[in-house]
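Have a look at the structure below before the remarks.
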Amino acid sequence: MTRSNTSPLLTHPLAFIGGGNMARSLIGGLVKRGADPSRIRVAEPAEPLRAALAADFGVQVFGEAGEAAYGADTWLFAVKPQVMRAVCEGLAPLAQSQRPLAVSIAAGITTTQMQRWLRGGVPVVRSMPNTPALLGAGVTGLHASSEVDAAGRQRAELLLSAAGPTVWIEAEATMDAVTGVSGSGPAYVFLLAEAMETAAKAEGLSDEAARTLVLQTVLGAARMLTESGETPAELRRRVTSPNGTTQAAIETFQAGGFETLVAQAVHAATVRGGELSAAND
């Protein structure tokens, strides 16, 4: 069953343009689900990364993007946003002859930019995974250009689902909001955990006790959110007894404008995503 889920994606070679951490997590997820590693090609300029990918997964590795992309019907661009234009323009002649499905995981790079740099007519899927994808526990927002057909959408979804659930976003203008919510979101949770750990130690707990209590609390709360089927508001209500300790803490959060601050933070990240797109044009 696992292999049948990935085989439609890998009926032809799949090229990763860039072999860093996110590419590695996707490759690992695909291979774990039964994909044939001999059909996966990776272009990565750093020799140590190439060697590790070949040794760990049995994929084909190349020093040049064109070598990996030649003959592949899906190209996944896993390079930094600031070098995306140069990489795409270097591959444009090959893109025009092969017409691959181009999938980008670069933050802030629009489908219009990808189309222009690849000289037009190429189906493009813009995606925004997040760092828990490195553990196979991420979530990815996807947006398809008009050139992407149903089969292309399926290929992109099968590829990115190697890192966790996927969500299709129909209006590309809201992809920056995906960045603001889930792309940057893990850092918000890390910041809360960091603050809780500091507060725990200030209340007299040892470093070890503080770390264990906070990490398991965050993990357990995340599992309740994903497994209970209840809304965050309902789960909070259930653990907040009238005049109890949790209510005292929640009221303190709200008196400090917690919800407003979160909204402002998500908006700031969303705006910054749009600015990065313009900066890389």
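Coordinate-derived values only; no laboratory data. Small disclaimer: the values here were computed from a predicted structure and weren't measured. Don't worry about glycine lacking a Cβ; one is built from the backbone with ideal geometry, like all the others, and counts go over all protein chains shown.
The alpha carbon convex hull volume per residue for the chain rounds to 154 Å³.
Per-peptide packing, taken as the mean over residues of other Cβ atoms within 10 Å, places 244-255, 264-275 in the sequence 264-275, 244-255 from highest down.
Electrostatic bookkeeping for M84 treats Lys and Arg as +1 and Asp and Glu as -1; over the other residues with beta carbon under 13 Å from its beta carbon, the sum is +2. Around F57, under 12 Å between beta carbons, what's the net of Lys plus Arg minus Asp minus Glu among the other residues? Once all neighbours under 12 Å are counted, the net charge is +3.
For A195 and H267, the FRET efficiency from 1/(1 + (r/R0)^6), where r spans their Cβ atoms and R0 equals 30 Å, is about 0.90. In units of the compact-protein estimate 2.2 N^0.38 Å, region 121-263 shows a Cα radius of gyration of 1.32. Here the scattering of region 185-277 is modelled by Debye summation over its C-alpha atoms, one equal scatterer each and no solvent; at q = 0.23 Å⁻¹ the log10 of I(q)/I(0) is -1.39.
Near G183, once Lys and Arg are set to +1 and Asp and Glu to -1 for all other residues with Cβ below 13 Å from its Cβ, the sum equals +1.
Screening the chain for whole DSSP H helices of 27 Å or more along their axis (Cα) with average Kyte-Doolittle hydropathy at least -0.5 returns 207-227, 258-279. Over the chain, DSSP H runs of length four or greater, each weighted -39,500 (n - 2.57), average out per residue to a 222 nm ellipticity of -17000 deg cm²/dmol.
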